[in-house]
Amino acid sequence: MSTLSSSAHCRSFCSSPSSSAYGHNRIAVSSTFQKQFVPRKVSLQSNRKTWSTVVCMQDGAVAARVTSIENKTPLKKLKDGLLSVTSPEECKDAAGFDINKDKSSVSITVVGASGDLAKKKIFPALFALYYEDCLPEHFTIFGYARSKMTDAELRNMVSRTLTCRIDKRENCGEKMEHFLKRCFYHSGQYDSQNNFAELDNKLKEHEVLKSGCSRRNGGGDSVSVAGCKGRSATVTAVTAVTAAATADTPVNLNHIAKAAVTGGAIFRPSLKSRWGGRVSNRLFYLSVPPNVFTDAVRCASLSASSANGWTRVIVEKPFGRDFESSSALTKSLKQYLEEDQIFRIDHYLGKELVENLSVLRFSNLIFEPLWSRQYIRSVQLIFSEDFGTEGRAGYFDNYGIIRDIMQNHLLQILALFAMETPVSLDAEDIRNEKVKVLRSMRPLELEDVVIGQYKSHTLGGVTYPGYTDDKTVPKDSLTPTFAAATLFIDNARWDGVPFLMKAGKALHDQRAEIRVQFRHVPGNLYNRNFAADIDQATNELVIRVQPDEAIYLKVNNKVPGLGMRLESSNLNLLYAARYSKEIPDAYERLLLDAIEGERRLFIRSDELDAAWALFTPVLKMLEEKKTIPECYPYGSRGPVGAHYLAARYNVRWGDLGLEK
């Protein structure tokens, strides 16, 4: 987005055309139309014709000749109808008008600002972006939640979680102070249009202050703007349009935009607001439980959408519990939003090593030819945590490890890993290839899934509670805290290659990694040196997503000496040793992408449908049959059944080794 700073620490595509503030600036306007979030083309249509002439003026205005309206067309039809004007893109080339010349403002509203996610992740990520000069020059952050809180109390709460970069601490205190001055709070219910209307008024106050209360247009006319103290619009948009329409005279849409009353205006111009010199864009982050997603979106859409810029919504997982509930949620959101306004966030897609997957594969000749069934024996996707569900067992018991981790985080990584080469790095091209992978996957059978649940265990004199020892969990709960599954992709590249997926809590260590095990060397001359250890004869590429980010390749090497002794050694790229710069948090990358309009790391609705279509049948079978999860001790390597599952495909879980 051209409005973003081109800091050395920010990405070069900040000013790419596709990320323009106007790239999605199609705003729908109708006093009865519900999708106020949805930018659509603004139009004024009579029953007979459209405008015959549209001229781009020197000051950036658009003068359009409006045909006279037949007597049978009432004024109400004019007010409620869709207004159709030539888009800025269509007239930009003809008039040489640069719509990106002036910087736009961005208002970021964190809905659910008093929650843990907002405090621990979202506000710190926004500060990190500000610290790195990656946010637009003109931005405002609002917290919105049901809790009663003042601006000062919000700032005090947020300040306790802010930190500066380890490798760049200069002016840290000053940066924090300036950032907190841009943070404000509004209390309200998530299902109250009135409360969101109050929020809208506060947002407008800050947007107008950034733009200035009175500006002169290209023709020198002074125009007063609603929203500034003691000032009001001198003429309404409808009056101006009606007068011009009946007189068959050219209409200057910028003048109409200036005259429109701010807040629920009948006319929402898609062109840049010349009175303010910049576009006011809005980003809503829904850090709330999924049962209030639709209410929050409805109220924000009807009462707090941007009048002249884009409006986008970031939605946190979970996106439903199964295919049916996910589809219902998508359908309800699309009553108020277009697909390109919905940013379904999966923070694992923002991890540095996950984003590096395509770079590793598509920009290194040595890997792409090997990336197929011909050379790869198996692929493992492993997620483990060395702690239980402390603090979130109530939420977790309703979802379980398959819904919480496997259906989203691990499956998204698998799709990125296995996809074909996209046509380009455009978001839609990448997401198209991911969807193809998901749709090519073989239906998951119950015998290819192992589930477990951790039980109490004593380690080093410390007793750790079992899952059902938590007071918020029913004693007879069958919710799995561990799951392993074998998946197959039935296409030409991956036919027959097992993709083993494992996720669990309260295990022996914490890690998230991708392990690619290659096939054995045919007719290997050194087979006798490996004895019975077939894994030693296997090359393995490991991509460690967290912690201690690293990429390493296990190769066989001769141990120095007079004898012929072989061992497996690592060609290691340890990020901490190679790069002095601190790795950004995943939320920083994803928030920046949402502001820029970059969608490749966000989940499209058809991706979501394909993912749920894969897991929903097996989830229903587990619940209908009341499958009892296998118990495993807290701090162990997981259920024994997971090892038998891997052995069925002549594979051993790679995280059982001793390498770090």
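Quick notes on this one:
- Within region 448-481, the set of residues being under 15 Å from Lys502 (Cβ atoms) and either assigned to a helix (DSSP H, G or I) or at pLDDT below 90 (or both) comprises Asp448 only.
- Qualifying residue in region 501-511 (condition: of a type outside the set (Phe, Trp, Tyr), assigned to a helix (DSSP H, G or I) and touching an Asp or Glu at 6+ places or on another chain (Cβ under 8 Å)): no
- Residue-level check: of (1) assigned by TED's automatic domain parsing to the domain that holds Ala503; (2) of a type in the set (A, V, I, L, M, F, W, C); (3) under 20 Å from the mean Cα position of the chain (by Cα), Trp310 misses just (1).
- Residue under evaluation Phe343, criteria (1) in contact with a helix residue (DSSP H, G or I) (Cβ under 9 Å, 6 or more places away or on another chain); (2) farther than 23 Å from Ala503 by Cα; (3) in the same structural domain as Arg392 (by TED's automatic domain parsing); (4) modelled with pLDDT of 90 or more, criterion not met: (3)
- Taking the criterion of being under 30 Å from Leu590 (Cβ atoms) and without any contact (Cβ under 8 Å) to a residue 12 or more places away in the chain, no residue of region 604-647 qualifies.
- Check on Ile628, surrounded by fewer than 19 Cβ atoms within 10 Å (Cβ to Cβ), part of a loop (DSSP other than H, G, I, E, B) and outside the structural domain of Gln510 (by TED's automatic domain parsing): no
Each row is one residue, and each column tells you yes or no for (1) touching a residue at least 40 places away in the same chain (Cβ under 8 Å); (2) assigned by TED's automatic domain parsing to the domain that holds Val288; (3) over 21 Å from the mean Cα position of the chain (by Cα).
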position: Ile366; (1), (2), (3): no, no, yes
position: Trp371; (1), (2), (3): yes, no, yes
position: Ile376; (1), (2), (3): yes, no, yes
position: Gly388; (1), (2), (3): yes, no, yes
position: Asp397; (1), (2), (3): yes, no, yes
position: Asp404; (1), (2), (3): yes, no, no
position: Leu411; (1), (2), (3): yes, no, no
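- Restricting attention to region 307-345, the residues that are touching a residue at least 60 places away in the same chain (Cβ under 8 Å), under 19 Å from Leu591 (Cβ atoms) and not in a helix (DSSP H, G or I) total 14.
- Region 631-660 - residue that is assigned to a loop (DSSP other than H, G, I, E, B) and among the small types (Gly, Ala, Ser) and, of those, modelled with the lowest pLDDT: Gly657
- Meets criteria (assigned to a helix (DSSP H, G or I), acidic (Asp, Glu) and within 29 Å of Phe482 (Cα to Cα)) for Asp404: yes
- Residue within region 527-538 that is assigned by TED's automatic domain parsing to the domain that holds Gln374 and more than 26 Å from Tyr644 (Cβ to Cβ) present: no
- Looking across region 110-152, the residues that are β-branched (Val, Ile, Thr) and buried (at least 24 other Cβ atoms within 10 Å of the Cβ) come down to Val110, Val111, Ile122, Ile141.
- The residue list Asp151, Asp116, Asp80, Asp93 contains one member that is within 30 Å of Gly391 (Cα to Cα), of a type outside the set (Ser, Thr, Tyr) and at pLDDT below 90, which is Asp116.
- Options Leu601, Leu591; residue that is buried (at least 22 other Cβ atoms within 10 Å of the Cβ), in contact (Cβ under 8 Å) with a residue 12 or more places away in the chain and part of a helix (DSSP H, G or I): Leu591
Residues are listed down the side, and each one gets a yes or a no for (1) buried (at least 17 other Cβ atoms within 10 Å of the Cβ); (2) of a type in the set (S, T, N, Q):
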| position | (1), (2) |
| --- | --- |
| Arg439 | no, no |
| Pro443 | no, no |
| Val450 | yes, no |
| Thr458 | no, yes |
| Tyr467 | yes, no |
| Lys471 | no, no |
| Lys475 | no, no |
| Thr481 | yes, yes |
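- Check on Ile266, hydrophobic (A, V, I, L, M, F, W, C) and either in contact with an Asp or Glu (Cβ under 7 Å, 6 or more places away or on another chain) or at pLDDT below 90 (or both): yes
The values are calculated or read from the model by the stated rules, or taken from the named source; none is laboratory data. Predicted model, so just to flag it, every value in this text is computed and none were measured. Cβ atoms come from the backbone with ideal geometry, glycine included; neighbour counts cover every protein chain shown.
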